[in-house]
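S.K.: Quick one: the structure is below, questions incoming.
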């Protein structure tokens, strides 16, 4: 009886310690989560505070102006951010239009057993490695390597499809220079590994029961992927995008 009561006491003691450890871990996690939120708020407040002199000087109308002339108005300058805002939105949309189908398709092939493990493992490693490369490296690579390679294609598209704003070249700029088309290509290459890696992790983390249950009721492989797996991993895929 003494030995049994001692075992029960030790069991209760271990349970209490585990409960205390869990509570402490949850508390630390909450502190870090709130810390991230506080840091983001401080960053936003700092940017807003630093922008007050510019807003007082030029007003919010600079967001909708198209002129950027630092020497206008007796040296005070005339600044307009509208072309940069529109260019960023359009190039980002085009990059997503290119990268999302490719990234999601690659993630499906890497996570759903379409390829043997001897090929899947090194490809997954390469995708994770590419996702860790800083964006500035992709930008420099795009300027010095990709743009010269795209010059013939950009010239062809500019000559025959220049009436489409995506392929049109700025005035006075020859092919191989800045433009919406090369910008979208560079951005799509930059975000493709990130979308692929996160989408693959989201699909791979799904329980096997989903696949087995879907195929057990007669669904095809692609039917299972499209109607079961992608909706189940939708939040993770959207997070990657």
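S.K.: Given the peptides 94-100, 118-124, arrange them by the average over their residues of other C-beta atoms within 10 Å, most packed first.
M.R.: 94-100, 118-124
S.K.: Can you give me the angle between helix 2-58 and the longest principal axis of the chain, using Cα atoms only, in degrees from 0 to 90, rounded to the nearest 10?
M.R.: 10
S.K.: In degrees from 0 to 90, rounded to the nearest 10, what is the angle of the helix 82-111 Cα long axis to the longest principal axis of the chain?
M.R.: So the helix axis and the longest Cα principal axis differ by about 40 degrees.
S.K.: On a 0 to 90 degree scale, rounded to 10, what angle separates helix 147-160 from the longest Cα axis of the chain?
M.R.: Tilt relative to the chain: about 60 degrees.
S.K.: Taking Rh as the Kirkwood radius, which is the inverse of the mean 1/r over Cα pairs, what is the Rg/Rh value for the stretch 72-129?
M.R.: 1.41
S.K.: Please check: in the Gaussian network model of the chain (C-alpha springs, under 10 Å), which one of 62, 114, 93 has the largest mean-square fluctuation.
M.R.: The residue that fluctuates most here is 114.
S.K.: Springs between alpha-carbon pairs under 10 angstrom, Gaussian network model over the chain: which of 145, 71, 137 fluctuates most?
M.R.: 71
S.K.: Take the chain, connect every pair of alpha-carbon atoms lying under 10 Å apart with a spring to form a Gaussian network, then pick out the residue of 187, 42, 63 with the largest mean-square fluctuation.
M.R.: 42
S.K.: Report P(r) for the stretch 24-79: all Cα-Cα distances, bin width 10 Å, range 0 to the bin holding the largest distance, values in whole percent.
M.R.: 20, 29, 19, 15, 11, 5, 0
S.K.: Compute the distance from the alpha-carbon center of the stretch 81-127 to that of the stretch 214-231, in whole Å.
M.R.: 22
S.K.: Extension gain residue 41-residue 238, at 0.36 nm per residue separation less the Cα-Cα distance, in nm?
M.R.: Separation in residues times 0.36 nm, less the Cα-Cα distance, equals 68.6 nm.
S.K.: Quick one: grab Rg to one decimal and Dmax as a whole number for the chain, Cα atoms only, in Å.
M.R.: 26.8, 96
Readers should treat all values here as calculations from the given coordinates under stated rules, not as data from a laboratory. This one's a predicted model, so the numbers in the text were calculated from it and none came from an experiment. Note: ideal-geometry Cβ built from the backbone for every residue, glycine included; neighbour counts use all protein chains shown.
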